[in-house]
1. Which condition from (1) surrounded by fewer than 24 Cβ atoms within 10 Å (Cβ to Cβ); (2) polar (S, T, N, Q); (3) under 15 Å from the mean Cα position of the chain (by Cα) is the one that residue 221 breaks?
2. If I filter region 334-347 down to residues being near the ligand (Cβ under 8 Å from one of its atoms) and surrounded by 24 or more Cβ atoms within 10 Å (Cβ to Cβ), which single residue comes out as farthest from residue 289 (Cα to Cα)?
3. Which one of these does residue 34 not meet: (1) in contact with a Gly (Cβ under 6 Å, 6 or more places away or on another chain); (2) more than 16 Å from the ligand (Cβ to nearest atom)?
4. Could you please let me know if residue 174 is surrounded by 23 or more Cβ atoms within 10 Å (Cβ to Cβ), among the aliphatic types (A, V, I, L, M) and modelled with pLDDT of 95 or more?
5. Select from region 348-371 the residues that are of a type in the set (Val, Ile, Thr) and either within 20 Å of residue 284 (Cβ to Cβ) or within 16 Å of the ligand (Cβ to nearest atom) (or both) and list them in ascending order.
6. Do the conditions hold for residue 252, that is, is it surrounded by 24 or more Cβ atoms within 10 Å (Cβ to Cβ) and either in contact (Cβ under 8 Å) with a residue 12 or more places away in the chain or not hydroxyl-bearing (Ser, Thr, Tyr) (or both)?
7. Can you find a residue in region 186-201 that is more than 28 Å from residue 359 (Cα to Cα) and not in a helix (DSSP H, G or I)?
Amino acid sequence: MSTQHDVKDLNLAELGRKRMEWAEQEMPVLRLIRERFAREKPLEGIRLSACLHVTTETGNLMRTLVAGGADVVLCGSNPLSTQDDLAAALVVYDNVPVYAIKGESNEVYYQHIKAALDHNPQITMDDGADLVSGLLNQRTDLLKDIYGSTEETTTGVIRLRAMANDGLLTFPVIAVNDSDTKHLFDNRYGTGQSTIDGVIRATNVLLAGKTFVVGGYGYCSRGIAERARGMGSNVIVTEVDPVRALEAAMDGFRVMPMVQAAAIADFIVTATGDKHVIKRDDFEVMKDGCIIANSGHFNVEIDIPALESMSTEKRQPRTFIDQYVLKDGRKINLLGEGRLINLASAEGHPSAVMDMSFANQALASEFLVKNKDQIAAGVHALPKELDREIASLKLQAMGITMDTLSAEQEHYLTSWQEGT
Ligand code: ADE
């Protein structure tokens, strides 16, 4: 057992271990990597600090990194996403120092980030770029030991590219989100299923026949729109990008400005990565009983301070629902404090998609160690061969075979002489 930790209750460890084993059955690619890591020890002695959602899938990633020889510390990447039983299991059975408690205050959240940085990491692994922000803002003394970082999510990659543009990023970062085997699956099918799961677990309200508004049409939001349609909702998409708005329209969704959509919505879920996607003007026109939630990384997509200032009362009809009563008596139901609802009230993306995301994370950390001092500072994608290797392993695990190009076809694809 690790003596270093700040978790809710170590007595939950056995439950966490069982759930981690259950998740592992759906993570065959990560399992293969773990078995190879155990033989080859590519991360031997490497100090690695991870700031990720502390879930059963993350538990399996931690075990993979430890099998590879890494000296790992884990903290949560969101105050409301931690699975306390899993945090306890990693401490008790896998000897991993974990700093994460579901429902922790912002103050404790940042204390936990500090604890992860105090590990003096050579590699950091982020979901949202909070460790890298901490390094650059508070702990520049640690930069000398950093080989590089990995980043899981769209929001984190956007922040890191902004740091690079400002000339601040002095080491390489592998943007795991840029891998096809990450964003095409985790963002779309993972967010799609887990967000609907989160909304249902929080409310137990029927989706069929309801008007369901989705803010954004990136990979995450299109996953949500598709799955809400599958549940029988009438789905409306809001966008600011003309190409994405057009795609949404041709995928068969109604597209309109948020303020028009808000007036007819039964549900509104945001996943844009931007702030104040639902704001005062929208609250002003919402129907009584409207349910609003966010599945983007930060709790800024809904202007909660505006909602607070417009309300006379706040009630809690169920766990994960804050019901705001407006001056005219209308009630607006905010789920999960505006934090990512798929992890706040549900369990995050299913293991089968996290298998590929975390295979990318494991291979990215190995890539940083193998290529130490050879990768330029800045944000990079994982090499395409590794991305394709993950897809091949996943297909194999799913028992799916496919065609291969003949020599004649390969030649055709690299030449220009042949026409009709
Ligand atoms: N992000 C979204 N779902 C997740 C999960 N199940 N585990 C870790 N990070 C996640």
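The values are calculated or read from the model by the stated rules, or taken from the named source; none is laboratory data. These figures come from a predicted structure and were not determined experimentally. Neighbour counts are summed over all protein chains in view; Cβ atoms, including those assigned to glycine, are modelled from backbone coordinates with ideal geometry.
1. (1) is the only condition that residue 221 fails.
2. Filtering region 334-347 for residues that are near the ligand (Cβ under 8 Å from one of its atoms) and surrounded by 24 or more Cβ atoms within 10 Å (Cβ to Cβ), the one farthest from residue 289 (Cα to Cα) comes out as 343.
3. Only one criterion in (1) in contact with a Gly (Cβ under 6 Å, 6 or more places away or on another chain); (2) more than 16 Å from the ligand (Cβ to nearest atom) is unmet by residue 34, namely (1).
4. Considered against the rule, which asks whether it is surrounded by 23 or more Cβ atoms within 10 Å (Cβ to Cβ), among the aliphatic types (A, V, I, L, M) and modelled with pLDDT of 95 or more, residue 174 comes out as yes.
5. 353 - this is the single residue of region 348-371 that is of a type in the set (Val, Ile, Thr) and either within 20 Å of residue 284 (Cβ to Cβ) or within 16 Å of the ligand (Cβ to nearest atom) (or both).
6. Here the answer is no, as residue 252 does not meet what is asked.
7. No; the residues of region 186-201 include none that is more than 28 Å from residue 359 (Cα to Cα) and not in a helix (DSSP H, G or I).
Matching residues to (1) part of a helix (DSSP H, G or I); (2) touching a strand residue (DSSP E or B) at 6+ places or on another chain (Cβ under 6 Å):
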position: 156; (1), (2): yes, yes
position: 163; (1), (2): yes, no
position: 168; (1), (2): no, no
position: 207; (1), (2): no, no
position: 212; (1), (2): no, yes
position: 221; (1), (2): yes, yes
position: 240; (1), (2): no, no
